[in-house]
Amino acid sequence: MTDQKMHFDYLLRLGDNSLILGQRLAEWCGHAPMLEEDLALTNIGLDLLGQARMLLAYAGEVEGKGRDEDRLAFHRDTMAWRNLLLLEQPNGDFAHTMARQLFFDAFQYQQFAGLCSSSDERLAGIAAKSLKEITYHRRHSTDWVIRLGDGTEESHERMQRAVDSLWGYVPEMFDMDAVDDAMVAAGIGVDVAALRGEWDRYIDEVFAEATLSRPEDSWSVRGSREGKHSEHLGYLLAEMQFLPRAYPDAKW
Amino acid sequence: MVSLAAKDDIASILALVKDPEIPVLSVADLGIIRRIETGEDGHLTVVITPTYSGCPATEVIEADIANMLKLHGITDFTIRTEISPAWTTDWITTEGRRKLEEYGIAPPASKGKAALLGHEEVICPQCKSRNTELVSEFGSTACKAQYKCRDCLEPFDYFKCV
């Protein structure tokens, strides 16, 4: 793979993470347990969509084949997506959404903090802008996991179940492949494998306060960096991409 | 052809452009205008910043700036968006903060890390009480949180610190 292709791939991974999680959160619009959360989840989704636009627009420029952010978002099939498997998992109940969010917010906070000093100035600028928003996101998901975990018997049980059921998607976040290695070597990317210790410390503190048990590391799935996704992504894309696919080149 | 308007004139034209979501504020009050550049050929460049990454008002603001310039006979211009350094609520002017409070939105609290960590002191824009309570860190727009006042019992918006 050329340097240019790897740079493109790296930006695509970052942009796809934001876009797919943003789309999932948008599904809560009108369905959240209370009005404040409806606003919170859609606001967070909007921040993620904004990040995705900046990252995918940049990815398209790096690729140099004339694809803009819309082309990348709406005209790629499942195998071409590079988002983490965790993020395409269905919303489930509110506890599942919060567990997914906490795992990713804690990861993305560290990843983007690292990207702020990327040698790629444009990426560093996007990271610095996004990090302010991610700070709010992480506080929000942290608060909810603690509140539900250390809540009633019912909320505790459901929060624990959510954490258990998503735990196997955690290791993929910290995987490194040839693209990651090359980007770290070029001073562009972040060594995510090195972030796991700090992530564990943060999550363990939240679990302790939430009276939740840390799940056993018994299973894990991966594959998103090669375009191997769970079946859920296809359904998500079918909904997200419907309009531009049905009415190509439609304009507002 | 454009007349070579002084930067001050351009700034006063831009000060007429209102934020579409908080119409008491101008884009200048919000600190959205980064720079005004006038080339020797008379070409004008207005450099703006988005507030939040996904803020849908950004594109409306750009269109409003273009319309306001055209309305004043300026046609030879470019509007460019820069994200770095990232916009901060510290760029909201003193005038902007006063207008926010009059409008019923508590202006962002003190600068610095305490605010970003969520330990800010928010004053009720209605009765000026400091005895207020966070309802949600996310509100009707990306830039606002929801609070309520424990003294006058009014709910209100807070322009949150970033």
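FYI, it's all coordinate maths here, none of it is from the lab. Since the structure is predicted, the reported quantities are computational estimates derived from the model, not experimental observations. When we count neighbours, we look across all protein chains shown, and the Cβ atoms used for this are built from the backbone with ideal geometry, even at glycine.
Mean per-residue shielding of peptide A:124-131 is 4, counting Cβ atoms of other chains within 10 Å of each Cβ. By its C-alpha gyration tensor, with a ≥ b ≥ c as the square roots of the eigenvalues, how is the range A:212-252 shaped: rounded for a/c under 1.5, else prolate for a/b larger than b/c, else oblate? It comes out prolate by the Cα gyration axes.
The 3J(HN,Hα) values that the Karplus relation (6.51, -1.76, 1.60; θ = phi - 60°) gives for the range B:140-150 are, in residue order, 5, 9, 4, 8, 10, 10, 9, 10, 9, 9, 6 Hz. Gly and Pro appear as x. Beta bridges from DSSP with both residues in the protein assembly as shown: antiparallel share about 70 percent, rounded to the nearest 5. Peptide B:135-147 has a mean shielding of 5, counted as Cβ atoms of other protein chains within 10 Å of each residue's Cβ.
From the Cα gyration tensor of the protein assembly as shown, with a ≥ b ≥ c the square roots of its eigenvalues, which class applies: rounded if a/c is under 1.5, or else prolate if a/b is larger than b/c, or else oblate?
Since a/c reaches 1.5 but b/c is at least a/b, the shape of the protein assembly as shown is classed as oblate.
Ranked for footprinting exposure by Cβ neighbours inside 10 Å, fewest first, A:SER224, B:SER84, A:SER218 give A:SER218, B:SER84, A:SER224. When both bridge partners sit in the range B:92-159, DSSP labels roughly 80% of those beta bridges antiparallel.
Cα centroid separation, the range A:118-164 to the range A:43-68: 22 Å.
For the range A:1-116, the relative contact order works out to 32 percent when only alpha carbon pairs closer than 8 Å and six or more residues apart are counted.
Do any of B:LYS70/B:LYS99; A:LYS132/B:LYS128; A:LYS65/A:LYS129; A:LYS5/A:LYS132; B:LYS70/B:LYS148; A:LYS5/A:LYS129 go past 32 Å between their Cα atoms, and which? Cα-Cα > 32 Å for B:LYS70/B:LYS148; rest within. Assuming charge only on the beta carbon of Lys and Arg (+1) and of Asp and Glu (-1), the dipole of the range B:92-159 about its Cα centre is about 160 debye to the nearest 20.
Can you tell me what share of the DSSP beta bridges in the range B:1-154 is antiparallel? A percent to the nearest 5 is fine. Bridges in the range B:1-154 that DSSP calls antiparallel: roughly 65 percent. Take the Cβ atoms of A:ARG122 and B:THR38, set R0 to 35 Å, and the FRET efficiency comes out at 0.85.
List the relative contact order of the range B:7-81 as a percent without decimals, with contacts defined as Cα pairs under 8 Å and 6+ residues apart.
32
Largest GNM mean-square fluctuation across A:PHE104, A:PHE112, A:PHE207, computed for chain A with C-alpha springs under 10 Å, falls on A:PHE207. Converting phi to 3J(HN,Hα) with the Karplus coefficients 6.51, -1.76 and 1.60 and the offset θ = phi - 60°, the range A:177-186 yields 10, 4, 5, 4, 4, 5, 5, 5, 4, 7 Hz in sequence order, with x at every glycine or proline.
Summary value for chain B: 19 percent relative contact order, contacts being C-alpha pairs under 8 angstrom separated by 6+ residues. Ordering A:CYS29, B:HIS72, B:GLN146 by Cα displacement along the dipole of the protein assembly as shown toward the positive end leaves B:HIS72 in first place; charges were set at the Cβ atoms of Lys, Arg (+1) and Asp, Glu (-1).
Electrostatic bookkeeping for B:GLY54 treats Lys and Arg as +1 and Asp and Glu as -1; over the other residues with beta carbon under 9 Å from its beta carbon, the sum is -1. From its DSSP helices (H runs of at least four residues, each -39,500 (n - 2.57)), chain B gives a residue-normalised ellipticity at 222 nm of -6500 deg cm²/dmol.
Secondary-structure-derived ellipticity at 222 nm for chain A, considering helices only, amounts to -21500 deg cm²/dmol, per-run term -39500 (n - 2.57) for DSSP H runs with n ≥ 4. Database remark: amide H of B:LYS144 closer than 5 angstrom to the amide H of B:GLY139, B:LYS160 (H placed geometrically; neighbours at sequence offset of 5 or more, or on other chains; Pro and chain starts carry no H). Distance between the modelled labels on A:ASP68 and B:THR81, one decimal in nanometres: 1.1 nm (7 Å Cα→Cβ projection).
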